[in-house]
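Comments concern the structure below.
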Amino acid sequence: METQADSVTKATPPLAGVKILDFSRIIAGPLATQQLADLGATIIKIENPATGDDVRGLDENGQPARSPFFMGFNRNKKSVAIDLKDPAGQQMALDLARQCDVLVQNFRPGVMDRFGLDHERVMSICPKLIYVSISAYGEHGSMSDRPGYDPVLQAESGMMAMTGEPDGRPMRTALSLIDTLTAGHATSAVCAALIAREKTGRGDYLDLALMDTAIAALGNMGMAWLGMGVVPERVGNRHIYATPNGLFRTATDPIYMAIASNRLFTRFCENVIERPDLPRDERFARPPDRLKNRELLWEILEGELMKQPAEHWIPRMRDLPAGQVRTVDKALASPEVAERGMVRTLEEADGNTISLLAPPFRYQNTPLAEPESPPYIGEHTDEVLGEWLGIEDSKLADLHERGVIR
């Protein structure tokens, strides 16, 4: 009789067998296809033979390399370098699309049309294909011709106006938040489209826009305007409503706390700073009271916290939502990151080791794809074109000579 352990051993990643043709570069598209690769899909990354992905950077010889930026979004992929301006390159890309389940591209609207790879043409040839377009403002409409990067969308969506100190200038988030969220939306949309195709037998066209993601991400802040006519203002590290939520100084490093509920506030006052009088004070007894008297409460709490270093307070706050502000190096070296396996170290064929961030999802009975190094530009060109399209070595050599492939 087969045991559960035997079943798990035989299990494959959830998207094993799914083939994805990836024309994307920079963040949103590459992160989406990297997540799909983590789930077991085979990713063929099509790159410009001369430059590769825009974020590769250059090595000491001035050639496209593997910058940390590139390596952050391109593990578990095969790089095929094809000149899409060349008719022969366009035909090879189309032939690869015929063998794939999903196509992902994030060129500016109109670029894939010039390559003869727009969704209408490709899907007329490959009706079961799921074609994913990612752009700043959507592939169609009055804004489709505008370029746009993450910080620009943070500005235009209202996100930047809510970020920063009350008396300071609007501020972007340091991370490419909108790109990252768009990648997550694309990943879930592709998985859903694959399920839908099982029911209908048809592919689909997915049009994702960074602007749409930014607006959807407004969440409760957007609803503050739609539901109550309130325009959220900048409150720095504090919360617009909940108090005390924010960054508090100690004798050493600051601590961020989110203890706005009566239960959490009482626990903090009684067990951490040993001020049981504060929750009983009518000025701080309820959330509205604490919000009304926020400045006074802040002064009292920081006065207590600054009596001791952060290292004194953090253990006492174990059962509260609070944490010490860390730099990236300290965060990646923390015990909880190690325990969750969120940094993976790989040994490459040349004997060198590299460290990569791990995917953030876990399954109990289904494995993920084993991590593989981000590819060098054109590392798999001959392999894929030979195995997938049956192009003979002599023809590959000619294409290399002509600069159609790398």
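The values are calculated or read from the model by the stated rules, or taken from the named source; none is laboratory data. No experiment lies behind these values; they were computed from the predicted model shown. With ideal geometry, Cβ positions are generated from the backbone for all residues, glycine too; neighbour counts draw on all protein chains shown. Areas reflect the complete protein model, heavy atoms only, side chains present, ligands, DNA and RNA absent. Shrake-Rupley method; radii C 1.70, N 1.55, O 1.52, S 1.80 Å.
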message: I'd like the accessible area for Glu383, computed on protein heavy atoms only with a 1.4 Å probe and all protein chains in place. Round to 10 Å², please.
response: 70 Å²
- prompt: How far is it, in nm, from the label point at Asp281 to the one at Ala216 when both lie 7 Å from their Cα along the line to the Cβ?
  reply: 4.4 nm
Pairwise centroid distance, computed over Cα atoms, of the range 160-230 with the range 347-365, Å: 28 Å
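Taking R0 as 35 Å, what FRET efficiency do you get between Asn271 and Lys292 from their Cβ-Cβ distance, rounded to the nearest 0.05? Before the final figure, lay out each step's value.
Values: r = 25 Å, r/R0 = 0.72.
So the FRET efficiency works out to roughly 0.90.
Distance check, please: which entries in Lys45/Lys330; Lys85/Lys395; Lys78/Lys199; Lys10/Lys45 exceed 22 angstrom between their Cα atoms?
On the way: Lys45/Lys330 33 Å; Lys85/Lys395 19 Å; Lys78/Lys199 30 Å; Lys10/Lys45 28 Å.
Long pairs (Cα-Cα over 22 Å): Lys45/Lys330; Lys78/Lys199; Lys10/Lys45.
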task: Using Cα positions and a limit of under 14 Å, work out the aspartates and glutamates in reach of Lys307, with same-chain residues fewer than 8 apart set aside.
output: Asp253, Glu274, Glu299
task: Could you work out the relative contact order of the range 1-130, using alpha carbon pairs under 8 angstrom and six or more residues apart, expressed as a whole percent?
output: 27 percent
- line: The rounded separation in angstrom of the Cα centers of the range 69-88 and the range 270-292 is 57 Å
statement: Any residue on another chain or 5+ positions along whose placed amide H is under 5 Å from the amide H of Val235 is listed here as Gly164
- line: Given unit charges at Cβ for Lys, Arg (+) and Asp, Glu (-), the dipole magnitude of the range 83-131 about its Cα centre in debye, nearest 20, is 60 debye
field: 10 Å-binned pair-distance histogram of the range 1-98 (Cα, whole percent)
entry: 15, 38, 28, 11, 6, 1
query: Counting only the heavy atoms of the protein chains, how much of Met223 is accessible to a 1.4 Å probe, in Å² to the nearest 10?
result: 110 Å²
query: So how do Lys19, Lys77, Lys292 rank on accessible area, 1.4 Å probe, biggest first, that is with the largest at the start?
result: Lys292, Lys19, Lys77
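Quote the relative contact order of the chain in percent (integer), defining contacts as alpha-carbon pairs under 8 Å separated by 6+ residues.
Reported as a whole number, the value is 20 percent.
Nearest 0.05, what FRET efficiency do Asn237 and Arg402 give at R0 = 56 Å with Cβ-Cβ as r? Walk me through the intermediate numbers first.
Working: r = 57 Å, r/R0 = 1.02.
In this case the efficiency is close to 0.45.
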For the range 40-162, alpha-carbon Rg and Dmax in angstrom: 16.3, 50
- request: Using a cut-off of under 19 Å, list every residue of the range 282-311 whose amide N is near the label point 7 Å from the Cα of Asn262 along the Cα-to-beta-carbon line.
  value: 282-294
message: Can you show me the helix-derived [θ] at 222 nm for the chain, built from DSSP H runs with n ≥ 4 at -39,500 (n - 2.57) apiece and divided by the number of residues, rounded to the nearest 500.
response: -10500 deg cm²/dmol
field: Solution diffusion estimate, µm²/s, Stokes-Einstein, the chain, Kirkwood Rh from C-alpha pairs, 37 °C, viscosity 0.692 mPa s
entry: 134 µm²/s
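Could you do me a favour and compute the accessible area per residue for the range 270-386, 1.4 Å probe, result in Å²? Walk me through the numbers before you get to the answer.
Working: 7460 Å² over 117 residues.
Per residue, the range 270-386 has 64 Å² of solvent-accessible surface.
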